[in-house]
Amino acid sequence: KRMMLYTDIYVTTYDGIDAFLDQDLRAAVSGLRRLQDALAERGTAFVFLISPNKAVIYPEYLPDGFVHPAETRRKTAYERMLPLLRNEGVHLVDGHDILLAEKARSPYPLFPPGGIHWNRYAASVVLC
């Protein structure tokens, strides 16, 4: 819709279809916490940046019937991993959350219609 370009991996992960097992997500989060602690011992800060997914930010432009209805869609790896990251105390910046809030008030697009990656404006919003 409206000539929005998406790649299949972003759409399928938004639809809750991915290869990440919960045990793999737990292992990844544990590894991130160990890395954060090891870097802290060396005096280096660590922040895990969750980059936004265009399909999450602009699902309204996906073709009708292209993804499961929200009430039947499986949880995404992001949705399953976020509480694990918070419980482990991994320092993070959640680009999804920030851009969803920005979308409601921004006069500018956060992803270009013909591109699949967030634009510089969106990056500056997340990083500030």
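The values are calculated or read from the model by the stated rules, or taken from the named source; none is laboratory data. Everything numeric in this text was worked out from a predicted model, so none of it was measured. Positions of Cβ are backbone-derived with ideal geometry, glycine not excepted, and every protein chain shown enters the neighbour counts. Protein only, heavy atoms only, side chains kept; ligands, DNA and RNA dropped before computing areas. Shrake-Rupley method; radii C 1.70, N 1.55, O 1.52, S 1.80 Å.
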Residue tally, condition farther than 20 Å from Ala101 by Cα and under 15 Å from the mean Cα position of the chain (by Cα), over the range 12-28: 8
Unique match (being under 22 Å from Asp97 (Cβ atoms) and either more than 17 Å from the chain's Cα centre (by Cα) or hydrophobic (A, V, I, L, M, F, W, C) (or both)) among Leu39, Leu32: Leu32
Subset of the range 25-56 (residues that are assigned to a helix (DSSP H, G or I), within 16 Å of Met81 (Cα to Cα) and either open to solvent by less than 40 Å² (accessible area, probe 1.4 Å) or touching a helix residue (DSSP H, G or I) at 6+ places or on another chain (Cβ under 8 Å) (or both)): Leu25, Arg26, Ala28, Val29, Ser30, Gly31, Leu32, Arg33, Val56
Output for the range 1-24, where each listed residue is in a helix (DSSP H, G or I) and more than 30 Å from Ser106 (Cα to Cα): Asp22, Gln23, Asp24
Every residue from the range 97-116 that is open to solvent by less than 50 Å² (accessible area, probe 1.4 Å), at pLDDT 95 or above and of a type outside the set (A, V, I, L, M, F, W, C): Glu102
The range 42-61 - residue that is of a type in the set (D, E, K, R) and under 30 Å from Arg2 (Cα atoms) and, of those, nearest to the chain's Cα centre (by Cα): Lys54
Subset of the range 84-121 [hydrophobic (A, V, I, L, M, F, W, C) and assigned to a helix (DSSP H, G or I)]: Leu84, Leu85, Ile98, Leu99, Leu100, Ala101, Ala104
Filter result (among the aliphatic types (A, V, I, L, M) and either without any contact (Cβ under 8 Å) to a residue 40 or more places away in the chain or surrounded by fewer than 17 Cβ atoms within 10 Å (Cβ to Cβ) (or both)) within the range 4-24: Leu5, Ile9, Ile17, Ala19, Leu21
Any chance Glu60 is of a type in the set (D, E, K, R), at pLDDT below 95 and either crowded, with 17+ Cβ neighbours inside 10 Å or part of a loop (DSSP other than H, G, I, E, B) (or both): no
Members of the range 63-96 found to be charged (D, E, K, R) and either open to solvent by less than 60 Å² (accessible area, probe 1.4 Å) or within 23 Å of Asn119 (Cβ to Cβ) (or both), listed by number: Arg73, Arg80, Asp94
